[in-house]
Amino acid sequence: MLLLAANVGHADTAFVAWRSGVIEKFDLATRVSLGEVGRALTPSAMAADSAGNVYWGSGTAIYKYEAIGT
């Protein structure tokens, strides 16, 4: 499991990469899942940029979740 806490939008948010490959977003204030934001066969790392976008690596690929509308 990988965990990334990020300040995305107006709420504190956590992104979790589960061993199943699901990347899930959580609201830290309510501890409620905000749903699946992506999948990765073997998630290996996660990072966030100053715009609130979240990136994760899987094998040789890098995926991006854009914070637009959050």
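A few remarks follow.
- Each Lys or Arg adds one and each Asp or Glu takes one away; over the other residues whose Cβ falls under 15 Å from the Cβ of Ala67, this sums to -2.
- For Ala67, distant residues with modelled amide H under 5 Å away: Asn53, Val54
- Spin-label model, Thr42/Asp27: points 7 Å from Cα along the beta carbon direction are separated by 3.6 nm.
- Per-residue 3J(HN,Hα) values for the range 17-31, derived from phi via the Karplus relation 6.51 cos²θ - 1.76 cosθ + 1.60 with θ = phi - 60°, read 9, 7, 4, 6, x, 6, 9, 10, 9, 10, 8, 6, 6, 9, 6 Hz in sequence order (x marks Gly and Pro).
- Environment charge of Trp18, counting only residues whose C-beta is closer than 14 Å and scoring Lys/Arg +1, Asp/Glu -1: +1
- Solvent-accessible area of Thr30 with every protein chain in place, 1.4 Å probe, in Å² to the nearest 10: 80 Å²
- Net charge in the neighbourhood of Gly52 (other residues with Cβ under 12 Å of its Cβ; Lys, Arg +1, Asp, Glu -1) is -1.
- The accessible area of Leu34, taken with all protein chains in place and a 1.4 Å probe, comes to roughly 100 Å².
The values are calculated or read from the model by the stated rules, or taken from the named source; none is laboratory data. These numbers come from a predicted model, not from an experiment. When we count neighbours, we look across all protein chains shown, and the Cβ atoms used for this are built from the backbone with ideal geometry, even at glycine. Surface accessibility is based on the protein's heavy atoms, side chains included, excluding ligands, DNA and RNA. Shrake-Rupley method; radii C 1.70, N 1.55, O 1.52, S 1.80 Å.
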